[in-house]
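A short worksheet on the structure shown next.
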Amino acid sequence: MPGQSTPATGSVVMLGGRSEREFGVVRELGHRVVLLDERIPWHCMPWVDAHVDIGLDDWDAVAEAIREELGGEPPAAVLTHTEPRLPLMAHLNRLLAPYAAGPGEEAVANCRDKLRTRTVLEAAGLPVPRFALATSVDEAVAEASRIGYPVVVKPRDGAGAFGVRCCTGEAEVREAFGALGAFLPDGLSGALIEEYVDGPEFAVQTLTRGGATQVLSVFRQHTTPPPVFVELGYDHPSGLETARREELDTLLRNALDALGLRDWISHTQVRLGADGFRVIEVNARRPGGRLVEMTTAVSGIDMVEAATRQVLGLEPALPGPTVPFARYTSIVFDRPGILLYDPFTSDGAGGAIDPVVELEIAPGETVRPKEHPQGGVYGRIVVYGESGDELDRAEQRVRRALDLQVVFGDGLDPATSDSREFKSCC
């Protein structure tokens, strides 16, 4: 944790960002916001105090730009909520604001590189799928045969299940590895070949301060069956029995400790196979796709505010009110066509917290089936309540109001563009 030399006020340098909440929390805590990014979106301008248009790949140039913008004064902290910029954040805090808390460079690398994640956890005696690194298609086939089918082929970094595919034979491995060419040039070399763990999946959100981890939420995750894994939704409570939940909490604490993530938030995916839990991914970031709001609702803790307070060395905020039941349902489709729907306006009948209803395409745009490469998730519905029955009623009200319809599907050509931010998992 930071010492007494942490500036009480001053500037927080933010690397990227698109959400008003990310910037608003910093300003509410009494700090200026200086936003750095290659292209500063116009809609972000009112939310920041200063901005610097600069590419974030040249770390030395970024550090010099910060010194120049702040007139040589050290920043209160460097902060990002964007996973690809976490290595830069950790580097700049060490260089310019060593009193700031947050993830260290080694911990970030351990989480971002899935090969390192598995290697570190395996060395610590923690359960992960059997895995191997492949740098060629022939090596991928050989490792898949050694591990035993089915296997999962995935990039070493990245998020959202992009490029992840479950394979049941050599031909599928060759195809999946070849398709990773679109992901590998800008990422880490090689691909992971790993055992497919057949069983329920859980998304676990945590907050770790000074090495003490608090599990904020455990959501039962639903995806499409293999070969691709498209996010269908999440449930709270997770359905785990007390003993299993305690086992999962202990596993998360041990995993984060092994990875060195002592002062930060995390979003971890775990599967429960025939021989127990296996850690699938550990992400040193908050989840995407509205799981932050869902975590706030069930834990009373806002992960955006928690991470901001933490990097600034501030005490955590007191938890807010909570709800006992929550459900997140992805908006997906089984057939292609033109999507028609009505705008949704809450009638206030959804309980203490209004439902979240989000569609990422406009009426009249084309949709594809959920398993299609140009399909996936087109939006989400999040509802809250005091019981599972109340969730059912709330979701039904939303769907009736939206009146989602897919029409004119015959002979439909793929859409020429797709502006959705989220296509798949978080």
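General remarks:
- If you go through the stretch 26-44 and keep only what is closer than 19 Å to Leu86 by Cα and either over 23 Å from the mean Cα position of the chain (by Cα) or surrounded by fewer than 22 Cβ atoms within 10 Å (Cβ to Cβ) (or both), you end up with Val33, Val34, Asp37, Glu38, Arg39, Ile40.
- Flag not set for Ser238, criterion: modelled with pLDDT under 95, of a type outside the set (Phe, Trp, Tyr) and surrounded by fewer than 20 Cβ atoms within 10 Å (Cβ to Cβ).
- Members of the stretch 75-96 that are modelled with pLDDT under 95 and part of a loop (DSSP other than H, G, I, E, B): His81, Thr82
- The set of residues from the stretch 296-337 being among the hydroxyl-bearing types (Ser, Thr, Tyr) and within 16 Å of Ala77 (Cβ to Cβ) comprises just one member, Thr308.
- Residue tally, condition surrounded by 13 or more Cβ atoms within 10 Å (Cβ to Cβ) and either free of Cβ contacts under 8 Å to residues at least 40 places away in the same chain or closer than 16 Å to Asp263 by Cα (or both), over the stretch 70-91: 12
- Single residue of the stretch 250-288 satisfying the filter (touching an Asp or Glu at 6+ places or on another chain (Cβ under 8 Å) and assigned to a loop (DSSP other than H, G, I, E, B)) that is farthest from Gly313 (Cα to Cα): Ala274
- For Gln310, the criteria (1) surrounded by 13 or more Cβ atoms within 10 Å (Cβ to Cβ); (2) assigned to a loop (DSSP other than H, G, I, E, B) hold in every case but one, which is (2).
- As a summary of the residue check, Ser189 satisfies the conditions (1) crowded, with 22+ Cβ neighbours inside 10 Å; (2) at pLDDT below 95; (3) outside any helix (DSSP H, G or I) except for the one numbered (1).
- Residue within the stretch 234-241 that is of a type in the set (A, V, I, L, M, F, W, C) and assigned to a strand (DSSP E or B) present: no
- Condition broken by Pro7, with the remaining ones in (1) assigned to a loop (DSSP other than H, G, I, E, B); (2) modelled with pLDDT of 90 or more satisfied: (2)
- Hits in the stretch 10-56 (condition: of a type outside the set (Val, Ile, Thr), assigned to a loop (DSSP other than H, G, I, E, B) and touching a strand residue (DSSP E or B) at 6+ places or on another chain (Cβ under 8 Å)): Gly16, Gly17, Glu38, Arg39, Asp49, Leu56
- Every listed requirement among (1) more than 21 Å from Trp264 (Cα to Cα); (2) surrounded by 16 or more Cβ atoms within 10 Å (Cβ to Cβ); (3) among the β-branched types (Val, Ile, Thr) is met by Val108 save one, (1).
- Against the numbered list (1) free of Cβ contacts under 8 Å to residues at least 40 places away in the same chain; (2) out of contact with any strand residue (DSSP E or B) (no Cβ under 6 Å at 6 or more places or on another chain); (3) not in a helix (DSSP H, G or I), Arg67 comes up short only at (3).
- None of Leu339, Leu359, Leu412 is surrounded by 12 or more Cβ atoms within 10 Å (Cβ to Cβ), within 24 Å of the chain's Cα centre (by Cα) and either at pLDDT 95 or above or not assigned by TED's automatic domain parsing to the domain that holds His31 (or both) except Leu359.
- Taken together, Ser11, Ser19 contain a single residue that is hydroxyl-bearing (Ser, Thr, Tyr) and surrounded by fewer than 17 Cβ atoms within 10 Å (Cβ to Cβ), which is Ser19.
- Enumeration of residues in the stretch 45-73 that are of a type in the set (A, V, I, L, M, F, W, C) and more than 20 Å from Glu83 (Cβ to Cβ): Met45, Trp47, Val48, Ala50, Val52, Ala61, Ala63, Ala65, Ile66, Leu70
Matching residues to (1) touching a Gly at 6+ places or on another chain (Cβ under 8 Å); (2) assigned to a strand (DSSP E or B); (3) charged (D, E, K, R):
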| site | (1), (2), (3) |
| --- | --- |
| Asp334 | no, no, yes |
| Asp342 | no, no, yes |
| Asp354 | yes, no, yes |
| Glu371 | no, no, yes |
| Gly376 | no, no, no |
| Ile381 | no, yes, no |
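- Unique residue being touching a residue at least 24 places away in the same chain (Cβ under 8 Å), surrounded by 22 or more Cβ atoms within 10 Å (Cβ to Cβ) and touching a strand residue (DSSP E or B) at 6+ places or on another chain (Cβ under 7 Å) when the list is Leu256, Leu251: Leu256
- On inspection, Glu201 fails the criterion of being out of contact with any Leu (no Cβ under 6 Å at 6 or more places or on another chain), buried (at least 24 other Cβ atoms within 10 Å of the Cβ), charged (D, E, K, R) and touching a residue at least 12 places away in the same chain (Cβ under 8 Å).
The values are calculated or read from the model by the stated rules, or taken from the named source; none is laboratory data. Only a predicted model underlies this, so the values are computations on that prediction, with no experimental measurement involved. Cβ sites come from the backbone with ideal geometry, for glycine too, and all protein chains shown count toward neighbours.
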